[in-house]
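Below is one structure, written out as structure tokens; the observations come after it.
The values are calculated or read from the model by the stated rules, or taken from the named source; none is laboratory data. Quantities reported herein were computed from a predicted structural model and do not represent experimental measurements. Counting neighbours? That spans all protein chains shown, and the Cβs are built from the backbone with ideal geometry, glycine included. To get the accessible areas, we keep the full protein, side chains included, count just its heavy atoms, and leave off ligands, DNA and RNA. Shrake-Rupley method; radii C 1.70, N 1.55, O 1.52, S 1.80 Å.
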Amino acid sequence: MLQEPYPELDDLLEMMGEAGSHLAEIEASEGAAGNISVCMRWPIELRTRFPVVTEIELPQPVPELAGATFLVSGSGRRLREIIDEPAASIACIMVDQGGHTGKYYTSYQRRYERVTSEFNSHLAVHYDQTLSSGTNFHALIHAQPMRLTYLSHIPRYQNEQFLNQHLLRWQPETIVNLPEGIGFIPFRLPSSPELMAANVEALRNHRVVIWAKHGVMARSDVSVKRAADRVEYAETAAKYEYLNLCAGEIGEGLSADEIRQICNMFDVQQTVF
Ligand SMILES: [Zn+2]
């Protein structure tokens with residue numbers, strides 16, 4: 001939830017750009033992989049930057065979000081290039097009354113046809129989270145961090161408890177930033193209704209979830225960059241775990257007792273250890 005003064009459109013585009021370029025730096029967005037969206041529930045002026053207006057049908061009706069605006073990365077655009085020319089890569093959708101359709105605002109510079117094919121998953125989570133928490137701002141990132149995705153191919157890491165007890169043991173900050181641990185969704189076809197439904201469910205209880213053999217989705221109701229941080233915390237944990245596997249598992253990691261002491265010290269309610 002954000003308080004006034006709310007960020008301007010240009011500030012939001014800049015933060016999407018910075019998040020996109022950082023995700024590329026941490027090897028979480030090769031080529032055109034990954035996508036970013038934000039949902040804002042305050043009025044925002046779009047026409048100056050995005051003067052081309054058409055209408056689109058939304059992937060699902062979202063009547064309570066009438067008047068809300070989404071900024072969404074375009075299909076096939078590179079996250080690392082948003083920062084250079086945001087209007088070429090980002091579309092805006094303002095939800096119409098009734099919530100079945102939206103005004104689709106784009107720029108003359110746009111270099112995509114449609115918004116990301118994962119927009120159905122983004123919209124479903126924005127809808128679920130804004131309705132359940134009442135937040136006026138919500139950011140989502142889908143990225144493909146290499147080591148987290150690799151670990152999701154190894155059967156024993158496909159168990160959520162095993163996954164979290166192994167990944168969250170390498171740095172004290174990890175449990176503080178991800179006290180609910182990392183959610184795990186078994187492989188579902190990209191863009192499918194099955195992935196969409198599992199993703200909504202998993203993000204109710206987690207700030208970041210793994211889509212097995214594909215990537216992750218992270219959320220924040222504070223900023224796009226906070227969502228990107230969550231991808232990075234989870235991927236850093238996976239880097240340690242991967243390093244430990246490569247080194248013949250000689251690292252001992254923080255013990256469950258040490259992690260519980262950290263949580264007591266920082267007043268963190270955690271459910272993993
Ligand atoms: Zn993907």
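Rounded to a whole number, what % of the accessible area of the chain do carbon and sulfur atoms account for, probe 1.4 Å? Each step should come with its number before you reach the end.
Values: 5990 of 12240 Å².
With neighbouring chains kept in place, the figure for the chain is 49 percent.
Would you look at the GNM of the chain, springs on alpha carbons closer than 10 Å, and say which of 68, 247, 87 moves the most?
Among 68, 247, 87, the largest mean-square fluctuation in the Gaussian network model of the chain belongs to 247.
Where does the charge balance sit around residue 221 when Lys and Arg score +1, Asp and Glu -1, over other residues with C-beta under 15 Å from its C-beta?
Working: positive: 41, 204, 207, 219, 225, 226, 230; negative: 128, 180, 229.
Residues close to residue 221 contribute a combined charge of +4.
Quick one: if the Förster radius is 30 Å, what FRET efficiency do residue 258 and residue 194 give, using the C-beta to C-beta distance and rounding to 0.05? Working shown, then result.
Working: r = 39 Å, r/R0 = 1.28.
It comes out at approximately 0.20.
Where does segment 1-103 land on the Kirkwood hydrodynamic radius, alpha-carbon pairs, in angstrom? Don't skip to the end; give the middle numbers.
Numbers: mean 1/r = 0.0696 Å⁻¹.
It works out to 14.4 Å.
What size of dipole, in debye to the nearest 20, comes out for the chain about its Cα centre when the only charges are +1 on Lys and Arg C-beta atoms and -1 on Asp and Glu C-beta atoms? Show your work: numbers first, answer last.
Working: 23 positive and 35 negative charges, 105 e Å.
Around 500 debye, computed over the chain.
Running Debye on the chain with equal point scatterers at the Cα sites and no solvent, what base-10 log of I(q)/I(0) appears at q = 0.07, 0.09, 0.16 Å⁻¹?
So the normalised log intensities work out to -0.25, -0.41, -1.19.
Quick check: the distance between the Cα centres of segment 160-194 and segment 199-243, to the nearest angstrom?
The distance from the Cα centre of segment 160-194 to that of segment 199-243 comes to 7 Å.
For residue 56 and residue 33 in the same chain, what is the full-extension length gain: residue separation times 0.36 nm, less their Cα-Cα distance, in nm?
Numbers: separation 23, 0.36 × 23 = 8.28 nm, distance 2.38 nm.
Going from the current span to full extension adds 5.9 nm.
Which GluC sites (Glu not before Pro) in segment 16-113 sit in a loop by DSSP (not H, G, I, E or B) and have at most 12 other Cβ atoms within 10 Å of their own Cβ? Please list the in-between numbers first.
Values: sites: 18, 25, 27, 30, 45, 55, 57, 64, 81, 113; in loops: 27, 30, 45, 113.
For GluC sites (Glu not before Pro) across segment 16-113 that sit outside H, G, I, E and B with at most 12 neighbouring Cβ atoms in 10 Å, the list reads 45, 113.
For segment 22-93, which trypsin sites (Lys or Arg not before Pro) are both in a DSSP coil and crowded by at most 11 other Cβ atoms within 10 Å?
Working: sites: 41, 47, 49, 77, 78, 80; in loops: 41, 47, 49, 77, 78.
Hits after loop and neighbour filter: 47.
Would you calculate the separation in nanometres between label points at residue 247 and residue 108, each defined as 7 Å from the Cα along the Cα-to-beta-carbon direction?
The two pseudo-label positions are separated by 5.7 nm.
Evaluate the distance, in nm, between pseudo-label points positioned 7 Å from the Cα of residue 97 and of residue 1 along their respective Cα→Cβ axes.
Placing both labels 7 Å beyond Cα along the Cβ direction yields 2.8 nm.
How many nm separate the modelled label positions at residue 187 and residue 146, each set 7 Å beyond the Cα in the direction of the Cβ?
Roughly 2.1 nm, to one decimal.
Indicate, rounded to the nearest 5 percent, the antiparallel portion of the DSSP beta bridges found entirely in the chain.
Values: 35 of 38 bridges.
Restricted to the chain, the bridges split so that about 90 percent are antiparallel.
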